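S.K.: Before I ask anything, here is the structure I am working with.
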Amino acid sequence: MNLVTDASLDETIAAWALASVGGDRLVSVTSLREDGPPWLIRYEASGGTGSAVVRVAAPETARAQMFEVRGIALARAGGIAVPDVIAARADDKAALLLIEYVDGSSHQPVEPDLARLEALGRIAARISLVDPGRADLPAVTHPTPDVDFDELRARAQPQPLLAAAQQRLAAIVPNDPIGFVHGNLWSGNTLWRGTELAAVIDWDCAGLGAAGVDL
């Protein structure tokens, strides 16, 4: 097993990823975000070449990773375009997730693109229609559950429009049925080929909530 890896990707993790995909040699390792994880690995195997993405996170994210794996499986079963999970591992050093590489870009145009916005709205609706069955997933009451946006706004300089919007939202009691939600659905968590939505990524906030959470 030969490793050709960037110094920033631990060789033990690289070896685990290579073994998980059944590869013989790593051809390259490329950071997908500012010289850090996730990492795109390209490898050679007896059947040819392949690519995969290695996500490396702190060990305390293991629980969220477990929910992400369940969320991805549920989304795939519901026909949502998502990268498949190849392998996952968590120990006292890191939480590792190895997923299928999907060709596409999360780069967003400066000006709003109506076709993309419509596609994003359609995928939010499709996610909400996925039957969660008895899936063991957390309750999600607002986007990105581990971030308190009300508190962040309270700390910032008061913005009249935001304050008015917050008051309006506080008066709304959602009556949507509880179903499957991505939990952090925004343009940065999608991959595109032109105006085609190639995949929805980053399911670590997936859970059960009202459909409006993803809007």
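The values are calculated or read from the model by the stated rules, or taken from the named source; none is laboratory data. All values derive from a computational prediction rather than experimental measurement. Positions of Cβ are generated from backbone atoms using ideal geometry, with glycine treated the same way; all protein chains shown enter the neighbour counts. Side chains are part of the model used for accessible areas, which takes the heavy atoms of the whole protein and leaves out ligands, DNA and RNA. Shrake-Rupley method; radii C 1.70, N 1.55, O 1.52, S 1.80 Å.
S.K.: Taking the criterion of being in contact with a Leu (Cβ under 9 Å, 6 or more places away or on another chain) and open to solvent by 40 Å² or more (accessible area, probe 1.4 Å), would at least one residue in the stretch 94-102 satisfy it?
M.R.: Among the residues of the stretch 94-102, at least one is in contact with a Leu (Cβ under 9 Å, 6 or more places away or on another chain) and open to solvent by 40 Å² or more (accessible area, probe 1.4 Å), which makes the answer yes.
S.K.: Examine the stretch 171-181 for a residue that is open to solvent by 60 Å² or more (accessible area, probe 1.4 Å), among the aromatic types (Phe, Trp, Tyr) and within 25 Å of the chain's Cα centre (by Cα), and state whether such a residue exists. Give the steps one after another, and end with the answer.
M.R.: Applying the first criterion (open to solvent by 60 Å² or more (accessible area, probe 1.4 Å)) to the stretch 171-181 yields 171-178.
From what is left, the residues that are among the aromatic types (Phe, Trp, Tyr) are none.
No, the stretch 171-181 contains no residue that is open to solvent by 60 Å² or more (accessible area, probe 1.4 Å), among the aromatic types (Phe, Trp, Tyr) and within 25 Å of the chain's Cα centre (by Cα).
S.K.: Filter the stretch 180-215 down to the residues that are assigned to a loop (DSSP other than H, G, I, E, B) and β-branched (Val, Ile, Thr), then identify the one that is modelled with the lowest pLDDT.
M.R.: Filtering the stretch 180-215 for residues that are assigned to a loop (DSSP other than H, G, I, E, B) and β-branched (Val, Ile, Thr), the one modelled with the lowest pLDDT comes out as Thr195.
S.K.: Restricting to the stretch 116-165, name every residue that is touching a helix residue (DSSP H, G or I) at 6+ places or on another chain (Cβ under 9 Å), surrounded by fewer than 15 Cβ atoms within 10 Å (Cβ to Cβ) and of a type in the set (Gly, Ala, Ser).
M.R.: Matches in the stretch 116-165: Ala125, Gly133, Ala156, Ala163.
S.K.: Which strands (runs of 3 or more DSSP E) sit wholly inside the stretch 21-110 and have at least 3 residues that are closer than 23 Å to Arg193 by Cα and over 13 Å from the mean Cα position of the chain (by Cα)?
M.R.: The strands (runs of 3 or more DSSP E) meeting that bar are 25-33, 36-45, 48-57.
S.K.: Would you pick out the residues in the stretch 76-88 that are touching a residue at least 40 places away in the same chain (Cβ under 8 Å), exposed (fewer than 15 other Cβ atoms within 10 Å of the Cβ) and at negative phi?
M.R.: If the condition is that a residue be touching a residue at least 40 places away in the same chain (Cβ under 8 Å), exposed (fewer than 15 other Cβ atoms within 10 Å of the Cβ) and at negative phi, then Ala77 is the only one that fits.
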